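The values are calculated or read from the model by the stated rules, or taken from the named source; none is laboratory data. All of these numbers come straight from a predicted model, not from anything done at the bench. Here the Cβ positions follow ideal geometry from the backbone for every residue, glycine too, while neighbour counts run over all protein chains shown. The accessibility values were calculated without ligands, DNA or RNA, using every heavy atom of the protein model including side chains. Shrake-Rupley method; radii C 1.70, N 1.55, O 1.52, S 1.80 Å.
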Amino acid sequence: MDTLSNLGNGFSIAFDPTNLLFVFIGVVIGTAIGVLPGLGPTATIALLLPITYTMDPTASIIMLAGIYYGSMYGGTITSVLLRLPGEAASVVTTFDGYQMTKQGRAGTALGIAAIGSFIGGTVAIIGLTFMAPMLARIALSMGPSAFVALMIMGLFLVTSLGTGSAIKSVCMAAVGLLLATVGQDPIDGSARFTFGQVPLLGGLDFVAVAMGLFGVAELIKTLEQTEKAQVIKTKIKNIWPSRKDMKDSAGAIGRGSALGFFIGILPGGGGVISSLASYATEKKLAKDPSRFGKGAIEGVAGPETANNASSSSAFIPLLVLGIPSNVVLAMIFGALLMHGITPGPQLMTEHSGLFWGVIASMYVGNLMLLILNVPLVGVFIQMLRVRQGILVAFSLLIVLIGVYSINNSSFDMWVVLAFGVLGWIMSKTGFDPAPLVLAFVLGPILEKSFRQSMLISGGSLDIFITDPASAIIFAVILVMIGFKVFGGRLKKRPAPVLPSQIADSTTAAGSGDRSTASGESQNEKVTENTK
Amino acid sequence: MIKKRFQTVTAGLGIAGIALSMAACSSSSVASTEDYPSKPVTFMMPYAAGGPSDTTARSYGACLGEQLGGTFVVENQESGAGAVAMQKVASAKPDGYTVGLSTNGPLVLNPMSNDLSYTREDFRALGTMAEIPTLFAVSKNSEYKDIAALFEAAKANPGTISIGVPGATSSLAIELKRLQQDTGIEFALVPTSGSTELITNLLGGHIDAGFINDHVDVESQVKAGAIVPLAAAGEVRSEAYPKVPTTIESGYDVKTTSVYGLFAPKDLPEEIASKIEAGVKTCLTDEDVIKQIGDRFVPNEFTDGADTAKVFETMETRYAPILSK
């Protein structure tokens, strides 16, 4: 009851005309920068930070939050229409979204993304409203060893991401892991593979790599085609997804909400990982996984839902514990500091107006985004009518500006172009960039967490068993391996055997030392790959 | 045209040498030292937006702009662990239109451990803008109730007590390595990506202790009772926790602080340098600066350029034996 009355109070703050205006400004800016490829919420919030110092703290946080989750909506649009990820988390949407556009289903893809985003965002805010303190504690229990386990679990999904052969996917993942080692060593600070290039000390930028492999590579590909071949047949009238589309996506949206919500809470979590995880899950669960990469609507609905859910739940550690879980929230943390408010465990009690006002504003903001986005879908689709030559030139220009804006570094512009060429060569030779990108995201976290774990445990692998969080995750990984190995045989047997088998393997994995020990050896194997 | 010529003439009357070099370099838009700043000043920031260093740069940027009658534009450029930003300052024209914030890491430690095109000596220090002390802390459930218990445990079982530090090349990490080399007290150093990750691991009980910047993020956890400070690292007690002893008074030689200094290329004309230095001095007492950075992080006494440079020189000598390339 207390929560409800607080929330009511929050709504009265959020509906204050000034704050309402700032929610609106936030989500509009968010959508706009989401649409512009490369220009993401990080660069935008950094630019707007000085302006917020003169504003009322609640209004400024409401606006910055709106930019963040608004960008998750906007990022979809160019991913679907041009295969140019509008921002990092939308990389995954290009896999199936762009294929849908080629099939003339751009409207449906954008429509389902908007609906999924709304549902994911709202589910996450409801979770944030009612379960925040409990969830924040779960996030804390995830130490370095648990992250090792989570990252290994993520790498298991690699093979299911690619559309080509499993071996090619594994090769690409290995390349991704290698690329991730460029830069300063996370533990002893020495330079690795920088070849004397100072900008490489900080490693390759994820956005530059992903934009190159997906966006620029696609732009190069369009240059090969004649003008006539490039005309994409797009039926603009089908904006609203059909009943069948909704039915197909319902499961993906549900799972995407849950996955995104959970991953968003984790330190370092957020957009990219949540959408990749959702995509891989959908593909794993699909009756016919071969549809993925060829315009499966679940492949758009799930990840888009997940990245919105994660962008809302990412506020939980910040608002409840004072710990920002990613770069964007670190900047919001900075904005609060400038107002003399230190985010921390006391925020909820000392600044309850701000706390609940921001939460309530997110309900309002998500609704605004849905109302804004559905009619806008038709407008954005018109973009496809622009002559391809002009569109490509402009897209490349905006990509370069966007990439530059991330680190104010012209070096990153070369990185995006180099990876564009690489991505084009990869597509010619049948290598899928998706596993590379996933490994590139997970690699550094895996390496750092593993080495931190080893430092903490003094080099003993026992830490992965004694830490309950990592033990549980390794047990789950074992179950996954079990399914992979024995799943095929089980399917051939009569149906009733299946449920008891699942129960057996779960309990065995959960309790026995035997199972966690093999989890350990699994872990060794993967980290060897990393090196 | 007339104005331009007039400017050149005044500059020439001012300092002959500089005027000569300027006339030689450019005949078009020459800004004299007297009307500095006559165009926006780039304020390089070797860290990402959002942290305490960024807050420092931005509030000083605003204040200096007001004091000197110009605009200071903060440009965050964290790539290359801050080296790219520092390089940009070092190689900029020494005309006062490129300045930058820096600390131990990008200014001293990074060039010592990596092959970079600049060293500490390529910069002209213009004063200390803020100083953030450091402290040892544990989580509330820790078995170490005071600093002696923690250090004695590390002495008794070398390399088994895990201690988080914010970054592998932070001065905090280097200081603990020096401690180990000089006294044999060995902790298991666990570098994290920054204060945030360190605090998370401390709260979750994944590390035994933390050696961390004594900033407001830690303070709020201490207020909530989740983290317990054991000692301020250095000679002075923390203003936030006057009852907590220092490492020196407890008999352990561990000290480091994060000094946020303002820097320009080394050949900056003395006139402009003293103008900016005076500006920094005035900003120390500026209400907005104090409010935004936090009263206890803004020095009460002004440390001028020469003395700021000395702080970093001492740092370099102290860590030279540990950080050989």
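Helices meeting the span-like rule in chain A (full DSSP H runs, Cα extent of at least 30 Å along the helix axis, mean Kyte-Doolittle score of 0.5 or higher): A:57-82, A:106-140, A:352-381, A:433-457, A:468-492. The dipole here belongs to chain B: it is taken about the Cα centre, uses +1 on the Cβ of Lys and Arg and -1 on the Cβ of Asp and Glu, and is about 580 debye. Rolling a 1.4 Å probe over the protein heavy atoms gives the protein assembly as shown an accessible area of 39 Å² per residue.
The Rg/Rh ratio of chain B, with Rg taken over Cα atoms and Rh as the Kirkwood radius over Cα pairs, comes to 1.04.
If a/c stays under 1.5 just call it rounded; otherwise compare a/b with b/c (prolate if a/b is bigger, oblate if not). Do that for chain A, with a ≥ b ≥ c from the square roots of the Cα gyration tensor eigenvalues. Rounded, since a/c falls under 1.5. Computed with a 1.4 angstrom probe on protein heavy atoms, the A-B interface buries about 3400 square angstrom of accessible area in total.
Residue B:246 exposes around 0 Å² of accessible area when a 1.4 Å probe is run over every protein chain in place. Protein-only accessible surface at a 1.4 angstrom probe places the residues A:223, A:84, A:370 in the order A:223, A:370, A:84, largest first.
Of all accessible surface on the protein assembly as shown at a 1.4 Å probe, what whole percent is carbon and sulfur?
Values: 20720 of 33620 Å².
Carbon and sulfur: 62 percent of the exposed surface of the protein assembly as shown.
Among A:291, A:387, the order of accessible area from largest down is A:387, A:291, computed with a 1.4 Å probe on protein heavy atoms.
The amide H of residue B:188, built 1.01 Å from its N in the peptide plane, has B:159, B:160, B:161, B:162, B:163 as neighbours under 5 Å, considering only residues 5 or more places off or on other chains. For region B:134-232, lysine pairs with C-alpha atoms less than 20 angstrom apart, excluding pairs fewer than eight positions apart on the same chain, total 4.
Mind grabbing the base-10 log of I(q)/I(0) for region B:134-232 at q = 0.20, 0.24 Å⁻¹? Debye formula, identical points on the C-alpha positions, no solvent, two decimal places. Debye intensities relative to I(0), on a log10 scale: -0.93, -1.36. With all protein chains in place and ligands, DNA and RNA left out, the 1.4 Å accessible area ranks B:193, A:12 as B:193, A:12, largest first. For the pairs A:294/A:484; A:247/A:428; A:102/A:283; A:244/A:284; B:88/B:281, flag any whose C-alpha to C-alpha distance is greater than 27 Å. Exceeds cut-off: A:247/A:428.
Working from Cα pairs under 8 Å separated by at least six residues, relative contact order for region A:1-143 is 22 percent.
Of interest is the spacing of the C-alpha centroids, which for region A:79-151 and region A:294-316 amounts to 2 Å. For region A:34-53 versus region B:220-287, the inter-centroid distance based on Cα atoms is 31 Å.
Amide H of residue A:84 versus every other amide H placed in the peptide plane: which residues, excluding those fewer than 5 positions away on the same chain, fall under 5 Å? When sequence neighbours closer than 5 places are left aside, the close amide H contacts are A:79. Close amide H partners of residue B:72, meaning residues 5 or more places away or on another chain with modelled amide H under 5 Å apart, are B:41, B:65.
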